[in-house]
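The structure appears right after this line, and notes come after that.
Every number here is computed from the coordinates shown, using simple stated rules; none is lab data. These numbers come from a predicted model, not from an experiment. Because the Cβ atoms are built from the backbone with ideal geometry, glycine has one as well, and the counts that use them run over all protein chains shown.
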Amino acid sequence: MFDIGFAELLLIGVVGLLVIGPERLPSTIRTVSAWLAQIRRGFNQIRSEVEQELHNDAIMQELRKTGSDLKRDAQQAGDALKAASGNDSAAAPTPTEGSGAAGPGQVSPGRASPGRASPGQVSPDKEPSGQ
C-alpha cells in the first residue's frame, strides 16, 4: 500500500512518543490500528463486490450469447424441417397396385381374403343388407 520502511516507522514512533506522550501512546496506537483495519476491510469488501459484479457481467454476457446461438440454431432447424416436410410431401411415392405393400390400416389388393370385406366395402358376391 504505502512504501514505508523500518526507518520511517521508527521516526513516526519517536515523533508520536514526543507529541502524544508515553501514557496515551498505546491507546492511540490501538485506535489508529483499528481505523486502519476498518479501512482495509472496507476496501477489500468494495474490491470483492466489484470483482463479483464483473464476474456476473461476464456470465450474463456468456448466457446472452448462448441464448442467441440457441435461438439461431432453433430457427435454422425449424427452417430445415419446413423445407424437408415441403419436399417430402411433393416427393412421397404413392403405392402401386403391383407392389403388394400396404400401409397401416390398408389391405393390399392381392391379399384380401375372399368373402370378407372391410367395413364400408361390399363383397362382390353378397348384397348389402337393409336396403
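Results, tabulated for the structure shown:
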quantity: Rounded to whole Hz, the Karplus (6.51, -1.76, 1.60) HN-Hα couplings of segment 28-42, x for glycine and proline; calculated: 5, 5, 4, 5, 5, 4, 5, 4, 4, 5, 5, 5, 4, 4, x
quantity: Whole-Hz couplings from phi, Karplus 6.51/-1.76/1.60, listed for segment 74-84; x for Gly and Pro; calculated: 5, 5, 5, 5, x, 5, 5, 5, 5, 5, 5
quantity: Estimated distance in nm for a label pair at Arg24 and Val50, the labels positioned 7 Å out from Cα along Cα-to-Cβ; calculated: 3.6 nm
quantity: Segment 10-86 - charge dipole about Cα centre, Lys and Arg +1 at Cβ, Asp and Glu -1, debye rounded to 20; calculated: 200 debye
